[in-house]
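This report refers to the structure that appears directly beneath it.
The values are calculated or read from the model by the stated rules, or taken from the named source; none is laboratory data. The structure displayed is predicted, hence computed values, not measured ones. Neighbour counts are summed over all protein chains in view; Cβ atoms, including those assigned to glycine, are modelled from backbone coordinates with ideal geometry. What goes into the accessible areas is simple: the full protein's heavy atoms, side chains included, and nothing from ligands, DNA or RNA. Shrake-Rupley method; radii C 1.70, N 1.55, O 1.52, S 1.80 Å.
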Amino acid sequence: MRMTSTWSLALLWSILCAGPAAGQGRQPEGWDRNLRLPEAVDTNTDPHIVEISLDARIAQVEIAPGVRAEAWTYNGAIPGPLIRVHVGDRLIVHFSNHLAQPTTVHWHGLRIPIQMDGVPGHSQPEVPPGGSFVYDFIVPDAGLFWYHPHVMSAAAVGFGLYGALLVDDPTEDVGVPDELVLVLSDIELRPDGTLESPDTGGSGGMAFGREGNHVLVNGREVSRMVARSGAPQRWRVVNAAKSRYFDLDLGGQIFTRIGADGGLQQYPEELKDVVLAPGERADLIVAPRAAPGAELVLQSFLYNRGYGSTEARPLSSDLFTIAMTGDPAVAPMPRPQVRRAIEPLSLAGATAVNLELSITQQANGTFDYRINGEPFLAGKPIPAKIGETQIWTITNTTVWSHPFHLHGFFFQILDKDGAPVRPLAWKDTINVPYKQTMRFVVKFDEREGSWMFHCHILDHAEGGLMGMVELGMDHSQHER
Ligand code: C2O
Ligand code: CU
């Protein structure tokens, strides 16, 4: 069951500049108490097997003092429990469904067999209300991944069903021991605290992508962290919102980005803000700095994702405050130069795949999204052979940006409107901005099956921005 490929074995870490020595520049005791996620309990004594229970159920959650909602949850909380494994471990998840609707669990970004991918009809049958399913696979790559349902996804994710999966590589040392997993999301509540209907705004709401009115980090609105000024922290961030983009800002302080979707990237980038489209991840080093006793606020700027996304809306949302202790600030120190050798995939002999994303308005005024002019149900699957390299060109003709996600495989971005994109990173989700074209290269391995791709604005996916790759199957009936 373990998957190997030449490039995944070619990982190479080099730490050119070690971080602070252990114990030095560390955060105060309890610094992340309000933000730390509950972790799934491993019931297996084998050190290389992580065995957990996960159930989907309605539960009351408190997103801010006195603000409660009956959310859809994994194990009673939003987000669901943080699942921690080491790369190469076997993960066994005893899943049970206590919702009134069928569901599944999709493991976003994991290169696992199709039977474990959580797509009804292609991976497994839906898990009915009261039913259960055992997910059991080897975790092949280090990085931050996440899990969510693949049935009524826009509603289910919007109502709270998502969680993070952190895959550590014990040989990787970025020199920043204070680490926090941050799950960004939002939820739409009516004034009386009940969940807003998932089809508000009708077809126009679908075309835009519905955003929640409460912005959450680890399930809390405007939470609080305590930090020692200037001491570095490592943030592992995932955008689990169903439509909202995040553009992280810490008063202009620098984020050092060291990784993306599939683990560490080629070399670090110093950024004043970090954009995460739905589904994307970032691995960041930050050293929040302010006068002892002062407070900073991590904010998300309003991000222009197309028509109507920036007009008449608040310019920023507060995510959490960072309260500095009274300790003297830690002197500025060089950021760890975390690098990873990533071989560019060879383009020799690659097959071209062209996808044009469009939107059509019907005579009755409703919208539908299309790929190559076809609504989802009429679209032909994209055939792929085991070992085949494909170059995908995604042309977005619509007035909204689309975070494009491919299940089961990492790809490398080639260019955006013809301009190369660096540093190299393994990606499974990329933002294709409105009216622009992105190209990526993917090499399919031996994991046969029907693999989905779709926009990770889940309303858009359900509105037609979905398709399938048929890998290693009999393609005689299809023409390319
Ligand atoms: Cu997070 Cu079908 O994806
Ligand atoms: Cu979209």
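Taking the criterion of being within 16 Å of ligand 2 (Cβ to nearest atom) and open to solvent by 10 Å² or more (accessible area, probe 1.4 Å), would at least one residue in segment 170-183 satisfy it? No: segment 170-183 contains no residue that is within 16 Å of ligand 2 (Cβ to nearest atom) and open to solvent by 10 Å² or more (accessible area, probe 1.4 Å). Could you say whether any residue in segment 438-449 is within 16 Å of ligand 2 (Cβ to nearest atom), part of a strand (DSSP E or B), surrounded by 20 or more Cβ atoms within 10 Å (Cβ to Cβ) and among the aliphatic types (A, V, I, L, M)? Scanning segment 438-449 turns up at least one residue that is within 16 Å of ligand 2 (Cβ to nearest atom), part of a strand (DSSP E or B), surrounded by 20 or more Cβ atoms within 10 Å (Cβ to Cβ) and among the aliphatic types (A, V, I, L, M). Residue check: residue 414 meets all listed conditions (1) part of a loop (DSSP other than H, G, I, E, B); (2) open to solvent by 10 Å² or more (accessible area, probe 1.4 Å) but one, namely (1).
Screening residue 402 on (1) at pLDDT below 95; (2) in contact with a Cys (Cβ under 6 Å, 6 or more places away or on another chain) shows it passes everything except condition (1). Among the conditions (1) modelled with pLDDT of 95 or more; (2) away from ligand 1 (no atom under 16 Å from the Cβ); (3) of a type outside the set (A, V, I, L, M), the only one that residue 364 does not satisfy is (1). Residues that are under 22 Å from residue 212 (Cα atoms), outside any loop (DSSP other than H, G, I, E, B) and modelled with pLDDT of 95 or more do occur in segment 77-100, at least one of them. I need the full set of residues from segment 429-446 which are touching a strand residue (DSSP E or B) at 6+ places or on another chain (Cβ under 6 Å) and over 10 Å from residue 401 (Cβ atoms), in order please. Those that are touching a strand residue (DSSP E or B) at 6+ places or on another chain (Cβ under 6 Å) and over 10 Å from residue 401 (Cβ atoms): 429, 430, 437, 438, 439, 440, 441, 442, 443, 444.
Highlighted here are the strands (runs of 3 or more DSSP E) found entirely within segment 308-400 that include at least 1 residues which are open to solvent by 60 Å² or more (accessible area, probe 1.4 Å) and without any contact (Cβ under 8 Å) to a residue 12 or more places away in the chain: 351-361. Residues in segment 385-429 that are in contact with a Pro (Cβ under 7 Å, 6 or more places away or on another chain) and among the β-branched types (Val, Ile, Thr): 429 alone. If you check 433, 403 for being open to solvent by less than 10 Å² (accessible area, probe 1.4 Å) and within 14 Å of ligand 2 (Cβ to nearest atom), only one passes: 403. Only one of the numbered conditions (1) more than 16 Å from ligand 1 (Cβ to nearest atom); (2) in contact (Cβ under 8 Å) with a residue 24 or more places away in the chain is not met by residue 430, and that is (1). For segment 371-398, name all the residues that are of a type outside the set (Phe, Trp, Tyr), in contact with a Gly (Cβ under 6 Å, 6 or more places away or on another chain) and within 16 Å of ligand 1 (Cβ to nearest atom). 371, 379, listed by residue number.
The condition of being of a type in the set (Lys, Arg), within 16 Å of ligand 2 (Cβ to nearest atom) and out of contact with any Phe, Trp or Tyr (no Cβ under 7 Å at 6 or more places or on another chain) holds for only one of 370, 335, 422, that being 370.
If you filter segment 109-139 down to residues that are outside any strand (DSSP E or B) and either within 16 Å of ligand 2 (Cβ to nearest atom) or polar (S, T, N, Q) (or both), you find that the one that is surrounded by the most Cβ atoms within 10 Å (Cβ to Cβ) is 123.
Of all residues in segment 272-290, those satisfying the criterion of being of a type in the set (A, V, I, L, M) and over 21 Å from residue 240 (Cβ atoms) are 285, 287, 290. Per the listing 196, 188, 221, the residue uniquely in contact with a helix residue (DSSP H, G or I) (Cβ under 7 Å, 6 or more places away or on another chain), modelled with pLDDT of 95 or more and away from ligand 2 (no atom under 16 Å from the Cβ) is 188. Restrict the check to segment 399-411 and report whether at least one residue is more than 16 Å from ligand 1 (Cβ to nearest atom) and farther than 27 Å from residue 268 by Cα. Yes: segment 399-411 contains one or more residues that are more than 16 Å from ligand 1 (Cβ to nearest atom) and farther than 27 Å from residue 268 by Cα.
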